[in-house]
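Heads up, the thing below is written out as structure tokens.
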Amino acid sequence: MNGYLLLAAVLLAGCAGGPPLKPFPQTLPANLPQEIAGVPFHPQEALQCGPAALATVLGWSGVEASPATLSRQLFIPARGGTLQPELKAQARVHGRLAYELPPEPAALLAELAAGHPVLVLQNNGITIWPYWHYAVVVGADEERVYLRSGRHRLHELKAKTFLRTWRRAGYWALAVLPPDRLPVSVIPDEALRAFADFMRVHPDAPLPALELAVARWPEHGGLRFARANRLYAEGDTARAAEEYRAILARQPDALPVRNNLAWLLAEQGAAAEALQLLETDAGAERWREELAHTRSFARCRQDGHAVTECERRAAAR
């Protein structure tokens with residue numbers, strides 16, 4: 001009997017773990033769908049919920065991908081499943097941005113109301129004996145959440161049941177969107193991370209969502225810096241320089257911005273101005289190598305050498 005009581009206590013402790021249970025907001029978003037249109041259904045094979053869920057959101061976004069194909073890149077036999085970073089990486093490989101959403105029910109509902117299906121992680125076990133499961137939320141109402149899950153095209157869960165299983169997975173949620181869309185609930189730093197990861201895989205691909213993000217958060221220096229770097233990479237040096245200067249007007253000690261503007265100016269023949277920008281010690285240790293590289297390039301340009309020759313010398317220093 002004592003053993004059974006001990007087991008019951010352990011199970012209760014496991015159920016009590018994790019972050020606090022967050023309810024749906026009292027007022028739900030307008031136009032909240034019970035099922036977003038155009039979301040495909042991929043029945044889940046054993047241990048393949050990750051590939052099936054990713055294929056679902058990719059298909060909705062306009063990219064055809066089968067769970068079987070994705071499984072070759074995602075499934076980790078030793079883990080018996082798929083890790084979240086790999087889901088995000090494969091979304092990028094297929095030309096889509098992967099945004100982690102705030103761990104809030106309100107954020108999930110806002111995306112649904114915007115017509116964005118949301119890939120979620122659930123723990124359908126308990127904290128000490130987890131049973132991890134990926135699904136795609138396609139709708140909700142006051143009482144229920146509707147998912148593409150397992151072998152169910154439209155799986156209905158009571159809202160409280162869904163929230164408990166989602167809570168035990170840390171309220172992890174992912175929006176997978178085309179490069180011209182931005183989640184309504186994403187925070188600016190997460191958007192910036194999504195853009196940076198996407199551009200490492202697709203450096204030359206159009207990214208209208210970056211412009212949408214700058215318009216939404218015009219004071220965010222990181223997003224403005226990303227846009228300036230992209231303008232420079234696209235050859236629009238005049239607008240890139242203008243953007244770098246606008247950032248420095250608000251954040252004069254932003255050394256990465258100073259560094260990139262100095263390189264651009266040196267390329268264009270304004271080496272003296274470039275070297276003046278690099279005359280700073282504020283936080284210089286962290287950026288010592290980058291600043292020294294750009295300083296070498298600017299001095300070479302000041303001596304009258306061609307851009308390609310100065311690039312070679314700076315790289316060899």
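Against the conditions (1) touching a residue at least 24 places away in the same chain (Cβ under 8 Å); (2) crowded, with 17+ Cβ neighbours inside 10 Å; (3) not in a loop (DSSP other than H, G, I, E, B), Val186 satisfies every one except (3).
Does at least one position in region 160-170 carry a residue that is under 17 Å from the mean Cα position of the chain (by Cα) and either at pLDDT 95 or above or not hydrophobic (A, V, I, L, M, F, W, C) (or both)? Among the residues of region 160-170, at least one is under 17 Å from the mean Cα position of the chain (by Cα) and either at pLDDT 95 or above or not hydrophobic (A, V, I, L, M, F, W, C) (or both), which makes the answer yes.
Listed by position, the helices (runs of 4 or more DSSP H) contained in region 257-317 that have at least 3 residues being buried (at least 20 other Cβ atoms within 10 Å of the Cβ) are 271-277, 288-302.
When region 156-191 is filtered for residues that are polar (S, T, N, Q) and over 15 Å from Leu112 (Cα atoms), the ones remaining, listed by number, are Thr161, Thr165.
Asp253: surrounded by fewer than 19 Cβ atoms within 10 Å (Cβ to Cβ), touching a residue at least 12 places away in the same chain (Cβ under 8 Å), on the phi < 0 side of the Ramachandran plot and not hydrophobic (A, V, I, L, M, F, W, C), yes or no? Yes. Does Val136 satisfy the condition of being in a strand (DSSP E or B) and closer than 24 Å to Glu35 by Cβ? Taking the combined requirement at face value, the residue satisfies it. Evaluated against (1) assigned to a loop (DSSP other than H, G, I, E, B); (2) touching a Lys or Arg at 6+ places or on another chain (Cβ under 9 Å); (3) modelled with pLDDT of 95 or more; (4) surrounded by fewer than 21 Cβ atoms within 10 Å (Cβ to Cβ), Pro130 falls short on exactly one condition, (3).
If I filter region 49-57 for residues that are more than 22 Å from Leu192 (Cα to Cα), surrounded by fewer than 15 Cβ atoms within 10 Å (Cβ to Cβ) and not small (Gly, Ala, Ser), do I get at least one hit? No, region 49-57 has no match at all.
Figure legend. Inter-residue proximity from region 301-317: first residues assigned by TED's automatic domain parsing to the domain that holds Trp263, second residues modelled with pLDDT of 95 or more and among the basic types (Lys, Arg), beta-carbon distance below 6 Å, spacing 6+ or different chains. Indicated pairs: Cys310/Arg301.
Against the numbered list (1) more than 17 Å from Glu100 (Cα to Cα); (2) outside the structural domain of Lys88 (by TED's automatic domain parsing); (3) outside any helix (DSSP H, G or I); (4) in contact with a helix residue (DSSP H, G or I) (Cβ under 9 Å, 6 or more places away or on another chain), Gly235 comes up short only at (4). Can you tell me which residue within region 38-67, out of those that are among the hydrophobic types (A, V, I, L, M, F, W, C), in contact (Cβ under 8 Å) with a residue 24 or more places away in the chain and in a loop (DSSP other than H, G, I, E, B), is nearest to Tyr134 (Cα to Cα)? Out of the qualifying residues, it is Leu47. Residue check: Glu142 meets all listed conditions (1) assigned to a loop (DSSP other than H, G, I, E, B); (2) out of contact with any helix residue (DSSP H, G or I) (no Cβ under 9 Å at 6 or more places or on another chain) but one, namely (2).
The set of residues in region 133-146 being farther than 20 Å from Leu83 by Cα, out of contact with any Gly (no Cβ under 8 Å at 6 or more places or on another chain) and buried (at least 24 other Cβ atoms within 10 Å of the Cβ) consists of Val138, Ala140. Given the structure, is Ala191 within 22 Å of Lys22 (Cβ to Cβ) and surrounded by 20 or more Cβ atoms within 10 Å (Cβ to Cβ)? Here the answer is no, as Ala191 does not meet what is asked.
Just one residue in the set Ala140, Ala106 is touching a residue at least 12 places away in the same chain (Cβ under 8 Å) and under 21 Å from the mean Cα position of the chain (by Cα); that residue is Ala106.
Could you look through region 152-183, keep only residues that are assigned to a helix (DSSP H, G or I) and either of a type in the set (Ser, Thr, Tyr) or outside the structural domain of Gly62 (by TED's automatic domain parsing) (or both), and pick out the one that is nearest to Thr56 (Cα to Cα)?
Quick first cut of region 152-183, residues assigned to a helix (DSSP H, G or I) only: 159-167.
Applying the additional criterion that residues be either of a type in the set (Ser, Thr, Tyr) or outside the structural domain of Gly62 (by TED's automatic domain parsing) (or both) yields 161, 165.
Numbers: Thr161: 23, Thr165: 20 Å.
Ranking the candidates gives Thr165 first.
Kindly indicate whether Pro85 is outside any strand (DSSP E or B), surrounded by fewer than 23 Cβ atoms within 10 Å (Cβ to Cβ), without any contact (Cβ under 8 Å) to a residue 40 or more places away in the chain and within 21 Å of the chain's Cα centre (by Cα). Spelling it out, Pro85 is indeed outside any strand (DSSP E or B), surrounded by fewer than 23 Cβ atoms within 10 Å (Cβ to Cβ), without any contact (Cβ under 8 Å) to a residue 40 or more places away in the chain and within 21 Å of the chain's Cα centre (by Cα).
The values are calculated or read from the model by the stated rules, or taken from the named source; none is laboratory data. Just so we're clear, the structure is a prediction, and the values are computed from it rather than from any experiment. Cβ atoms come from the backbone with ideal geometry, glycine included; neighbour counts cover every protein chain shown.
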